[in-house]
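The values are calculated or read from the model by the stated rules, or taken from the named source; none is laboratory data. Here the structure is a predicted model, which means the values were calculated and not measured. As a convention, Cβ positions derive from the backbone with ideal geometry for all residues, glycine included, and neighbour counts pool all protein chains shown.
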Amino acid sequence: MVTMPKKKPLIVRRVLALILAYVTLCIAGGVVTSIFLAPGVLGVNKIAKAVVPSLKVEGINFDVTSLPQKSRLYASDGKTVIASFYAQNRTVVPIKDISEPMRQAVVAREDRRFFEHAGVDVQGVLRAFIQTFIKKGDTQGGSSLTQQYVKNVLLIQAREKNDPIGEYHATEDTVARKLREMLIAVQMEKKYSKLEILQGYLNIAQFGGHNLYGVETAARRYFNTSAAKLNLVQAATIAAITKNPTAFDPSVEGNQAQAQRQRNIVLDLMYDQGYIKSKAEYEKAHNTPIKDTLNIQDNVTDVGCQSAGDAGFFCDYVIKQILNSPEFGKSEAARQKLLTEGGLDIYTTMDVTANAAAMQAARDTIPVDDPSGFEVSIAAIKPGTGEVLAFGSNRVYDATDAAKSDPTHTAINYAVDQKDGGGWGFQVGSTWKPINLAAWMIAGKSINTPLATSMRYNNSSFSCDRYSGFGVWSVQNSGGGTVSPETPLQGLVRSHNTTQASMASQIGLCAIADTAKAMGYHNSPAGHEDVYDPNSLNPPMTIGSVQASPLTMANIYATIGANGVECTPIALKKVTDKTGKNIAVPSANCHQAISPEVAQTTAYAMNQGVVTPRGEAATTQLDNGRKTFAKTGTNEDTYMLTGGFVPNQVASFVAVGNAESQQSFNGMTINGRTMGMWYGMYIATPAWKEFMNNYLNSAGIPQDNNYGNPAPQYLSAPAAAPRAQQNTQQNQNNQQGTQENQQGARQGQ
């Protein structure tokens, strides 16, 4: 941040410069009888006393750090720029970081007496007056660099205040506007040094099209260098642009001939004014073709998530987090302004390697242009931290109107909640079942207890504080029928729905909802996020009839993989403003949600589903014998899913289907393969495995097969089979309800 000097005393030369400039303007405007001419016989001190009070302009901040500056979004490595956001594409730099040739070039071009006058160049004003009104030539401005700086600051402040009248007055071609600029310019030179004013001008001026402001951005754009390293030819090129930022922009091929002519004018001026010491140096610079000096960087002018490529979906999620978080302002408009003008450095949690692996896995599973049109959505998170690592999609991120007519392009990230820019979510099927097992243990029960199961349950048997059911729920396993008795462990390994129903009838639906919420679950549809919402709190919840985002489900699995520690997903690690000050970011609020014993035993059960011959998750086994914790799922004939984790390293979730409607995939040809009936293990699992294997290998994450140690208290089986319980359940089967719910006939695997 620039430190402004103490106020300098008003000197006679400044007052005289002001009066002479004002007289000149009065003559030009035809107001020779202005009252300011009347006290001409008065002493200088009296004139000074009359003028000085009017020189004070309140509410105008000329500190360059107050200028609108672009914000940058970084990946977790702190180096990879994902995207930039700006109202004006500007990076402010101090004068010490601007090369001497650049300072000289702009002074030579814009204000040769800059270091001599007191804010207003009287000679320049008189020359402009004579040229414009006496010789009737082209209109000349005669504005000093200080005046130009004042004009730009007034314009920016008017725009920031959404003040169109102020914006008009800052640019209107009138004597009044010129006079106002002069008054403020003289006052400025009482407060700021010449180098500080030059610094302000070099940071505020427009140096090209594409909304490009400030010398640092110009140096990056045209020459792929910094303002500190600009040489003579580069500096002259940039200094020439301000006269007509659009027409003299050298990045436009059609402008280059004119841009070279304008550059050479600057070189002429620099030579005439002694900034170029030798004729040989001047001639060499003058004869250098401008096209040979350019190194145009298109990414300097890229703006927003639209320019982020395959990181576009992650970028969009981050921006939604900023705009929805009170840490960044009291209103969404204030947060938007901070993002586009606040010069933020935003350090995200996105792992470049993970994001690339997720995008590749999604597109390998179902190509972007696959005739089936099914979406693949992947979310990955780091257990125990809440840090979102990646999103994968077999779509092209596109926030333009063109996406409306191209189904392969979208700005909707189906891996996140609706309020975060996603959709309604996916019915998660059997991937919900580890939650049931955790709830069962939290209720103090063993996972090896044999349970009587049935295909008909009275909804009243699931009643609890927030749910009072009526009617009958008809449920069966994926292959039809039921298995009775069966333990909760077997019910998870074999993904049997009827066992989930039996568990829920014993511990109550609220116990399962409570556990789900503790582990990080919420619904995706906006306004219905609460797990206790009537749309989701019903017996079919236990077999995954809920609508959830892949990120939410990945977070559930992360809780299991972090010894029961649940964290709110976060995308921001650190944010600093343009002064380098830290801005608070949303917290992950990591806490012990379920006991380590419950988490480890749930992980054990999930792994049994992988290694047991009849385990429905056997197809998820990761490479090289890495211990695998995963669960597959299928929701009727509409969604295919797989989730899992590597302890303390990565948890991920894959959903496949039509995110906009419940389109059947039975009989469909997907990525060249046609099947009468599709299940999660057939397509979601390969996507999950590809992502996990590629990311783990690329990131060099070592194997640790010591996780998933079951707690003895949850493994002990009761001494006798529950005959009485089985008879009770059979009696329920004979009861007739007033309503039947057929959900879940094929939810499994």
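Among the numbered conditions (1) of a type in the set (D, E, K, R); (2) surrounded by fewer than 24 Cβ atoms within 10 Å (Cβ to Cβ); (3) out of contact with any Phe, Trp or Tyr (no Cβ under 6 Å at 6 or more places or on another chain), the only one that ASP316 does not meet is (2). Taken together, the residues in segment 375-394 that are touching a helix residue (DSSP H, G or I) at 6+ places or on another chain (Cβ under 8 Å) and within 29 Å of MET668 (Cβ to Cβ) amount to 10.
Go through segment 607-631 and report how many residues are surrounded by fewer than 23 Cβ atoms within 10 Å (Cβ to Cβ), of a type outside the set (D, E, K, R) and within 34 Å of the chain's Cα centre (by Cα). Of the residues in segment 607-631, 2 are surrounded by fewer than 23 Cβ atoms within 10 Å (Cβ to Cβ), of a type outside the set (D, E, K, R) and within 34 Å of the chain's Cα centre (by Cα). Reported count of residues in segment 348-360, each being closer than 24 Å to ILE670 by Cα, of a type in the set (Gly, Ala, Ser) and crowded, with 20+ Cβ neighbours inside 10 Å, is 2.
One residue stands out among those in segment 96-114 that are part of a helix (DSSP H, G or I) and among the small types (Gly, Ala, Ser): the one that is nearest to the chain's Cα centre (by Cα), which is ALA105.
Selection of first residues in segment 430-448 that are surrounded by fewer than 24 Cβ atoms within 10 Å (Cβ to Cβ) and of second residues that are among the small types (Gly, Ala, Ser) and assigned to a helix (DSSP H, G or I), restricted to Cβ pairs under 7 Å at least 6 apart or on distinct chains, gives the following pairs, ordered by first then second residue: ALA443/ALA511. I'd like to check something: does segment 704-715 contain any residue that is within 26 Å of PRO525 (Cβ to Cβ), at pLDDT 95 or above, buried (at least 16 other Cβ atoms within 10 Å of the Cβ) and not acidic (Asp, Glu)? Checking segment 704-715: not a single residue is within 26 Å of PRO525 (Cβ to Cβ), at pLDDT 95 or above, buried (at least 16 other Cβ atoms within 10 Å of the Cβ) and not acidic (Asp, Glu).
Residue-by-condition table, conditions (1) under 30 Å from VAL352 (Cβ atoms); (2) modelled with pLDDT of 70 or more:
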| position | (1), (2) |
| --- | --- |
| TYR22 | no, no |
| VAL41 | no, no |
| LYS46 | no, no |
| GLU58 | no, no |
| SER66 | no, yes |
| LEU73 | yes, yes |
| SER76 | yes, yes |
| LYS79 | yes, yes |
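Taking segment 601-624 as the search range and keeping residues that are part of a helix (DSSP H, G or I) and small (Gly, Ala, Ser), which one is farthest from ASN706 (Cα to Cα)? Among them, the one singled out is ALA618.
Of all residues in segment 573-600, those satisfying the criterion of being part of a strand (DSSP E or B) and either buried (at least 19 other Cβ atoms within 10 Å of the Cβ) or under 19 Å from the mean Cα position of the chain (by Cα) (or both) are LYS573, LYS574, VAL575, THR576, ASN582, ILE583. All but one of (1) in the same structural domain as LEU551 (by TED's automatic domain parsing); (2) at pLDDT 95 or above; (3) surrounded by fewer than 19 Cβ atoms within 10 Å (Cβ to Cβ) hold for GLU281; state the number of the condition that does not hold. Of the numbered conditions (1) in the same structural domain as LEU551 (by TED's automatic domain parsing); (2) at pLDDT 95 or above; (3) surrounded by fewer than 19 Cβ atoms within 10 Å (Cβ to Cβ), the odd one out for GLU281 is (1).
Okay, residues lined up against (1) of a type in the set (Gly, Ala, Ser); (2) touching an Asp or Glu at 6+ places or on another chain (Cβ under 6 Å); (3) on the phi > 0 side of the Ramachandran plot; (4) in the same structural domain as TYR317 (by TED's automatic domain parsing):
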position	(1), (2), (3), (4)
LYS419	no, no, no, yes
ALA439	yes, no, no, no
GLY444	yes, no, yes, no
SER454	yes, no, no, no
TYR457	no, no, no, no
TYR467	no, no, no, no
GLY479	yes, no, no, no
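Residues that are farther than 27 Å from ALA684 by Cα, of a type outside the set (Asp, Glu) and under 17 Å from the mean Cα position of the chain (by Cα) occur in segment 347-360; there is at least one.
The rows are residues; the columns are (1) of a type in the set (A, V, I, L, M); (2) within 26 Å of ASP417 (Cα to Cα); (3) modelled with pLDDT under 90.
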position	(1), (2), (3)
VAL575	yes, yes, no
SER587	no, yes, no
ALA593	yes, yes, no
VAL598	yes, no, no
PRO613	no, no, yes
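Filtered by the rule that a residue be touching a helix residue (DSSP H, G or I) at 6+ places or on another chain (Cβ under 7 Å) and outside any loop (DSSP other than H, G, I, E, B), segment 242-271 gives GLN256, ALA259, GLN260, GLN262, ARG263, ASN264, ILE265, VAL266, LEU267, LEU269, MET270, TYR271.
For THR632, the stated conditions do not hold, so it cannot be described as in a helix (DSSP H, G or I), closer than 19 Å to TYR557 by Cα, among the hydroxyl-bearing types (Ser, Thr, Tyr) and at pLDDT 85 or above.
Checking GLY676, GLY708, GLY667 one by one, the residue that is over 29 Å from the mean Cα position of the chain (by Cα), within 24 Å of TYR604 (Cβ to Cβ) and part of a loop (DSSP other than H, G, I, E, B) is GLY708 and no other.
With the structure loaded, tell me whether ALA219 is over 28 Å from the mean Cα position of the chain (by Cα), under 19 Å from GLN104 (Cα atoms), aliphatic (A, V, I, L, M) and not in a loop (DSSP other than H, G, I, E, B) or whether it fails that test. Judged against the criteria, ALA219 is not a match. Selection within segment 361-400: residues that are over 20 Å from the mean Cα position of the chain (by Cα) and free of Cβ contacts under 8 Å to residues at least 40 places away in the same chain. The member of this set that is surrounded by the fewest Cβ atoms within 10 Å (Cβ to Cβ) is ASP369. If you check TRP473, TRP424 for being farther than 21 Å from THR365 by Cβ, buried (at least 24 other Cβ atoms within 10 Å of the Cβ) and at pLDDT 90 or above, only one passes: TRP473.
Of the residues screened, GLY312 is one that is in a helix (DSSP H, G or I), touching a residue at least 60 places away in the same chain (Cβ under 8 Å) and of a type outside the set (A, V, I, L, M).
Of the residues contained in segment 343-361, none is found to be assigned to a helix (DSSP H, G or I) and at pLDDT below 95.
Considering only segment 272-290, I want to know if a residue exists there that is in a helix (DSSP H, G or I), in contact with a Ser or Thr (Cβ under 8 Å, 6 or more places away or on another chain) and within 18 Å of SER99 (Cβ to Cβ). Scanning segment 272-290 turns up no residue that is in a helix (DSSP H, G or I), in contact with a Ser or Thr (Cβ under 8 Å, 6 or more places away or on another chain) and within 18 Å of SER99 (Cβ to Cβ).
Residue-by-condition table, conditions (1) over 46 Å from the mean Cα position of the chain (by Cα); (2) more than 25 Å from GLN608 (Cα to Cα):
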site: SER454; (1), (2): yes, no
site: SER468; (1), (2): no, yes
site: GLN476; (1), (2): no, no
site: GLY479; (1), (2): no, no
site: LEU489; (1), (2): no, no
site: VAL493; (1), (2): no, no
site: HIS496; (1), (2): no, no
site: ALA501; (1), (2): no, no
site: SER505; (1), (2): no, no
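Take the conditions buried (at least 17 other Cβ atoms within 10 Å of the Cβ) and not polar (S, T, N, Q) and apply them to ALA259. Does it pass? The answer is yes for ALA259. Note on segment 341-376: residues that are more than 29 Å from THR576 (Cα to Cα) and acidic (Asp, Glu) amount to 4. Checking each residue in segment 650-664 for being under 29 Å from the mean Cα position of the chain (by Cα) and either of a type in the set (Phe, Trp, Tyr) or over 16 Å from ASN355 (Cβ atoms) (or both) picks out PHE653, ALA655, VAL656, GLY657, ASN658, ALA659, GLU660, SER661.
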